[in-house]
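K.L.:
One structure is given below, represented as C-alpha cells, and several questions about it will come after.
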Amino acid sequence: ANYSAANASLDAHARFWHQQGERTWSVQWGPWREVGMAAQKGTVERLRQSGVGSLTNAAGMAALAGVLQASAATVVAQPMRWGNYLKQYPKVPAFLSRFSAELKAAPKKSAAAPQAGMAMLAQAQAAAPAIAAGDL
C-alpha cells in the first residue's frame with residue numbers, strides 16, 4: 001500500500017510538471033533480475049512463469065535512456081509475455097483487452113521468440129543494440 005501511494009504521488013507530480021512544459025517522467029519499473037528485492041527473494045522466477053519478465057541491469061539502463069526520449073509523463077519499464085500472462089484469466093479483463101487484441105493480431109512467431117511486450121524496451125534496444133532479447 002505504501003509503494004502504491006508513493007507511486008501515485010510521483011505519477012501525479014510528473015504529470016503536473018509535464019503539463020507545465022518540464023521534462024519530467026515517472027517510471028513504473030518492473031522487477032530487476034540482478035539486484036533489489038525481487039532478486040533477493042526469488043520473486044523473479046515465480047513471476048517469469050506467469051509471463052512477467054524482469055530487467056537485467058543492462059536492459060534497465062537502456063530503458064532509462066529510452067525514458068529520456070519519451071513524450072509521456074508516466075512510462076512503464078516492464079517486459080511481458082502477454083500470451084503467458086493472459087492465460088490466467090478465463091475472460092480477459094477490459095483494461096487488458098488491448099494487449100489481448102494486439103497479441104491476436106500479431107503475426108505468429110516461433111515459441112522461442114519473445115512475444116510483444118513493451119514498446120519502450122524495444123525503443124531502448126534500438127538505442128542500445130547490444131542488449132539481447134534474452135536479457136529481458
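Rule-based calculations on the coordinates, nothing more; no lab input. In this text the structure is predicted, and so the values were computed from the model without any measurement.
K.L.:
I'd like the Karplus ³J(HN,Hα) series for the range 12-23: coefficients 6.51, -1.76, 1.60, θ = phi - 60°, whole numbers in Hz, and an x wherever there's a Gly or Pro.
P.N.:
The phi angles translate into 5, 5, 4, 5, 4, 5, 4, 5, 7, x, 7, 8 Hz.
K.L.:
Excluding residues on the same chain fewer than 8 positions from residue 108, give the lysines whose Cα lies under 18 Å from its Cα.
P.N.:
87
K.L.:
For residue 77, list long-range residues whose amide hydrogen, built 1.01 Å from N in the peptide plane, is under 5 Å from its own amide hydrogen.
P.N.:
Answer set, sorted by chain and number: 28, 29, 30.
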